[in-house]
């Protein structure tokens, strides 16, 4: 599936206040869903000695889908296509790699 196709299709399922001019709602949803991914991983560490079995991976996959949905809605609210976001991210990462700055911290490396 093309990522922009996903974005267009997922937008059809978006129902929240002031859609089209509300970046706050998908931002908060993104944080919440990211936390759910982290919580599932935490429980795998606690309850399954860090072993990701098929059942736990499937549960995480579904949560990652929710993260993707919120990323998509936030991008739409800000006027970006996901392909544009992904391309910008790869350019940033490869620039850092070429300059030997892939590790470390800070936005401007």
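We did not get these values from a lab; they are worked out from the coordinates using the rules stated. Just so we're clear, the structure is a prediction, and the values are computed from it rather than from any experiment. Cβ atoms come from the backbone with ideal geometry, glycine included; neighbour counts cover every protein chain shown.
Descriptive notes on the structure:
- Criterion (part of a helix (DSSP H, G or I), touching a helix residue (DSSP H, G or I) at 6+ places or on another chain (Cβ under 8 Å) and free of Cβ contacts under 8 Å to residues at least 24 places away in the same chain) met by exactly one of 97, 91, 57, 40: 40
- Scan of the stretch 61-78 for residues that are crowded, with 18+ Cβ neighbours inside 10 Å and more than 12 Å from residue 27 (Cα to Cα), ordered by number: 63
- Residue match in the stretch 10-22 (condition: outside any loop (DSSP other than H, G, I, E, B), in contact (Cβ under 8 Å) with a residue 12 or more places away in the chain, closer than 18 Å to residue 81 by Cβ and out of contact with any strand residue (DSSP E or B) (no Cβ under 9 Å at 6 or more places or on another chain)): yes
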